[in-house]
1. Taking the stretch 215-241 on its own, how many of its residues are free of Cβ contacts under 8 Å to residues at least 12 places away in the same chain and open to solvent by 50 Å² or more (accessible area, probe 1.4 Å)?
2. Just checking: which of the helices (runs of 4 or more DSSP H) contained wholly in the stretch 246-359 hold 3 or more residues that are closer than 17 Å to residue 175 by Cβ?
3. If you scan the stretch 46-55, which residues turn out to be open to solvent by less than 70 Å² (accessible area, probe 1.4 Å) and free of Cβ contacts under 8 Å to residues at least 40 places away in the same chain?
4. Check 58, 26, 33 and return the single one that is farther than 21 Å from residue 81 by Cα and surrounded by 12 or more Cβ atoms within 10 Å (Cβ to Cβ).
5. Do any residues in the stretch 162-191 that are under 23 Å from residue 353 (Cα atoms) and polar (S, T, N, Q) have Cβ atoms under 6 Å from those of residues that are open to solvent by less than 10 Å² (accessible area, probe 1.4 Å) and outside any helix (DSSP H, G or I), where the two are at least six apart or on different chains, and which pairs are they?
6. So in the stretch 18-56, with the set limited to residues that are in contact with an Asp or Glu (Cβ under 8 Å, 6 or more places away or on another chain) and in a loop (DSSP other than H, G, I, E, B), which one is modelled with the lowest pLDDT?
7. Note down all Cβ pairs under 6 Å where the first residue falls in the stretch 312-326 and is under 14 Å from residue 348 (Cα atoms), the second is surrounded by fewer than 24 Cβ atoms within 10 Å (Cβ to Cβ), and they're at least six residues apart or on different chains.
Amino acid sequence: MGRSSPHLATVLHDIHQRQRADGPAAMLGIGTANPTNCVLQDQFADWFFHVTKSDHLADLKAKMKKICERSGIKKRYFYHTEEIIGAHPELIDRVLPSLTTRLSIIADAAPKLAAEAASRAIADWGRPAADITHLVVATNSGANEPGADVRLAGLLGLRPTVRRTLLYLHGCSAGLAALRMAKDIAENNRGARVLVACTQAKILWFCPPNDAHLDLMVAMTMLADGAGAVVVGADDPANHIERPIFHMVSASQTTLPGTEQAVVDNLRENGLVDSHLSVEVPRLLRGSISKCLADSMAPLGLLTASDKGWNGFFWALHPGGRAILDSYEAALGLEPGKLAASRHVLSEYGNMMGTAIIFVLDEIRRRRRRHDDGKDCQWGVMSGLGPGLTIETIVLHATGSQDEN
């Protein structure tokens, strides 16, 4: 075949450029939702051992109560109730297969919860749902096709031509992975408006206490249900309805070598009970996070330009647990209060896995509007951990009145 002519190369380049957006991706609307069933953390051990018919395991119950006391969590929300668990005894018997039951519960719960959060994000955005061109759904709760993306599109009344992407089992980094994908879609498709929806229903992990699986018992004291949604776009609005909240300046992903078994989630006949969270994760994080983030920031020149170092940024960290947040704070030398939004979300909602980061973003926005918290920091870092051990990072720029005008 002959070589392409200079004219053809120019035509292809022009077509490519016309398809791309003019500006960086921005979050244009945020919404969150939780189920109605709320359990206070200081009552959780009693509730959990009661519904799993495990009150006879007094020593294990006492151990769970101590874990709850140190968790930094006040309350959590769950889709599953005592009635749902009571109607399905296979959920509390490790021998009985229960995956079909769990997936059937989730197939209804996950998209409905996502629709509630997405409706709020769309209202916050200010344009009709029919203007959504792309849909990215991330969930750790399910393994169905057609999946939560198809059901959600129907519940919201999105167009049949909406381009859908469904992400399964990305763990706590699911929200960041979905936002990273939305950034790429928005910036490479002129006029695109991407709805990101993350939804979590932990019934897939739910299991009775067992002293041979203490890491799963720890997970029971931390994980919670919720949904979050963000509308992402990258063009300057022709009208003045849209208002950027955070610009997503850059996105990166790093997998730490030799950590493949640090965070593991495997789907089995009785749910995601073949899961493992290594106690070494906080130590691994402390030893690597500073270099990892510095490498992500280096091309932007922002870290060297800040005379406050890491304290020159606002921080949106996934609230994976108290020890995780403490490790970030210690490794980066962050001042007290820098992780206030993440600690607040952990306290009020627990670890909602991929969904939690959207709650943190909403909390940061609320604090900046209400109390002027951190308004001296226009640049921010959003980060979270996933199976691998994988670190997702997105650099943010918070818009203010001057930017919006």
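1. As a first pass, look at the stretch 215-241 and keep what is free of Cβ contacts under 8 Å to residues at least 12 places away in the same chain: 237-240.
Now restrict to residues that are open to solvent by 50 Å² or more (accessible area, probe 1.4 Å): 238-240.
Result for the stretch 215-241: 3.
2. On the way: elements: 281-297, 302-305, 322-332, 340-349.
Qualifying helices (runs of 4 or more DSSP H): 322-332, 340-349.
3. Let us first name the residues in the stretch 46-55 that are open to solvent by less than 70 Å² (accessible area, probe 1.4 Å), namely 46-49, 51-52, 54.
Those that are open to solvent by less than 70 Å² (accessible area, probe 1.4 Å) and free of Cβ contacts under 8 Å to residues at least 40 places away in the same chain: 46, 47.
4. Working: 58 fails: surrounded by 12 or more Cβ atoms within 10 Å (Cβ to Cβ); 33 fails: farther than 21 Å from residue 81 by Cα.
Going through 58, 26, 33 in turn, just one is farther than 21 Å from residue 81 by Cα and surrounded by 12 or more Cβ atoms within 10 Å (Cβ to Cβ): 26.
5. Taking only residues 6 or more apart or on different chains, the pairs are 165/136; 173/384; 173/386; 173/392.
6. Here the residue is 21.
7. Hits for this filter: 322/72.
Table: residues versus (1) charged (D, E, K, R); (2) open to solvent by less than 10 Å² (accessible area, probe 1.4 Å).
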{"site": "157", "(1), (2)": "no, no"}
{"site": "173", "(1), (2)": "no, yes"}
{"site": "202", "(1), (2)": "yes, yes"}
{"site": "212", "(1), (2)": "no, no"}
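The values are calculated or read from the model by the stated rules, or taken from the named source; none is laboratory data. This structure is a prediction, so every number in the text was calculated from the model and none was measured. Please note: Cβ atoms are built from the backbone with ideal geometry, for glycine as well, and neighbour counts cover all protein chains shown. In case anyone asks, the SASA skips ligands and DNA or RNA and just uses the protein heavy atoms, side chains included. Shrake-Rupley method; radii C 1.70, N 1.55, O 1.52, S 1.80 Å.
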